[in-house]
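Quick notes on the structure that follows.
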Amino acid sequence: MRTMEEALIQGKAFLKEKGITEGDLDAWYLLSHYFHIDRARYIMNSRMAITEEQYHQYLALIYKRGRHVPLQYITGEQEFMGLKFLVKEDVLIPRQDTEILVEEALKVSEGKEVLDLCTGSGCIIISLAKLGGTHNAVGVDISKKALILAEENARQLQADVTFLESDMYTQVSGKYDIIISNPPYIPTRDISGLMEEVKNYEPVLALDGSMDGLYFYRVIISGIGQFLKPDGYIFLEIGCSQAEAVSELLREAGIVDIEVIDDLAGLNRVIRGRYKKEEESFT
Ligand code: GLN
């Protein structure tokens, strides 16, 4: 007879053998996910008998994790800004660092029209619509598969967001008070050096920022004149060595009050600024 505890011990041992960082924790999360059980219930029921089928199904999840499939693609979910988002291989897994981007935008989002470029799972724009009182929230992505998931997330979380299939601004119209984005920003040559979980399983489309990693910032910033209202705000997540280059691009586009915000590790992570259109000269 198998017990839940036995399954967990087996799961931990397997992930350790495979060199999975925090494998003990992941073995527990997968157990908790598979049996729909929390810590307290597990402690009371760890000696409870489980069927042979349950044992093998749990271990099948463990084997997946052992192949470096990210935990969130196995459980199919990730919490972000206290909300539960569905995730699958079609989208980047929402990161804790990106909450900093959302928190900055939340300071000014009330009643605003917001455009989120490269929306992926929709985690940014849905959080702003749910928690930030936006007036018109639009999420854009080039990937139809990503948009299907983003729409499902908005539906489950009852967030009022419009999603648009568009290669950056190509299908976008109107002007917005806020443009926000966490675009792909990893230089192409750095991708092969990323963790296996990221480089083998997360969509390269969501990671690759082309040669110098700045491709999407250039595109986003080139649209400011057309899509950002005067006095509007721009919020961008950046790679930790990109603050200077992106600030420069923003300044050239008429963005002022540029501020760089660090993540919890003390690295540059978010950049914000405000669009001041030059006064027209009548002389
Ligand atoms: N906006 C999504 C996120 O922050 C996806 C970003 C991306 O695909 N680069 O998680």
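Being of a type in the set (A, V, I, L, M, F, W, C), touching a residue at least 40 places away in the same chain (Cβ under 8 Å) and under 18 Å from Gly66 (Cβ atoms) is true for just one of Leu8, Leu25, Leu15. Which residue is that? Write out each step before concluding.
Working: Leu8 fails: touching a residue at least 40 places away in the same chain (Cβ under 8 Å); Leu25 fails: touching a residue at least 40 places away in the same chain (Cβ under 8 Å).
Going through Leu8, Leu25, Leu15 in turn, just one is of a type in the set (A, V, I, L, M, F, W, C), touching a residue at least 40 places away in the same chain (Cβ under 8 Å) and under 18 Å from Gly66 (Cβ atoms): Leu15.
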Count of residues meeting criterion [more than 12 Å from the ligand (Cβ to nearest atom) and assigned to a loop (DSSP other than H, G, I, E, B)] in the stretch 142-162: 5
Any hit, the stretch 245-268, residues being touching a residue at least 12 places away in the same chain (Cβ under 8 Å), within 16 Å of the ligand (Cβ to nearest atom) and among the polar types (S, T, N, Q): no
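Among residues belonging to the stretch 110-144 that are in contact (Cβ under 8 Å) with a residue 60 or more places away in the chain and within 17 Å of Val204 (Cα to Cα), point out the one that is surrounded by the most Cβ atoms within 10 Å (Cβ to Cβ).
By that ranking, first place goes to Gly120.
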Within the stretch 63-84, considering residues that are more than 9 Å from the ligand (Cβ to nearest atom) and within 18 Å of Thr134 (Cβ to Cβ), the one surrounded by the most Cβ atoms within 10 Å (Cβ to Cβ): Met81
Residue among Tyr201, Tyr185, Tyr217, Tyr169 that is more than 19 Å from the chain's Cα centre (by Cα) and either free of Cβ contacts under 8 Å to residues at least 40 places away in the same chain or surrounded by 14 or more Cβ atoms within 10 Å (Cβ to Cβ) (or both): Tyr169
Set Ser127, Ser121, Ser181, Ser166: member being among the small types (Gly, Ala, Ser), closer than 15 Å to Ile234 by Cα and touching a strand residue (DSSP E or B) at 6+ places or on another chain (Cβ under 9 Å): Ser181
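Give me the residue from the stretch 172-182 that is part of a strand (DSSP E or B) and more than 12 Å from the ligand (Cβ to nearest atom) and, out of that set, surrounded by the most Cβ atoms within 10 Å (Cβ to Cβ).
Ile179
Values quoted throughout were computed directly from the atomic coordinates according to the rules given, and no laboratory measurement underlies them. Since this is a predicted model, take the numbers as computed values, not measurements. Using ideal geometry, Cβ is built from the backbone for each residue, glycine included, and neighbour counts are taken over all protein chains shown.
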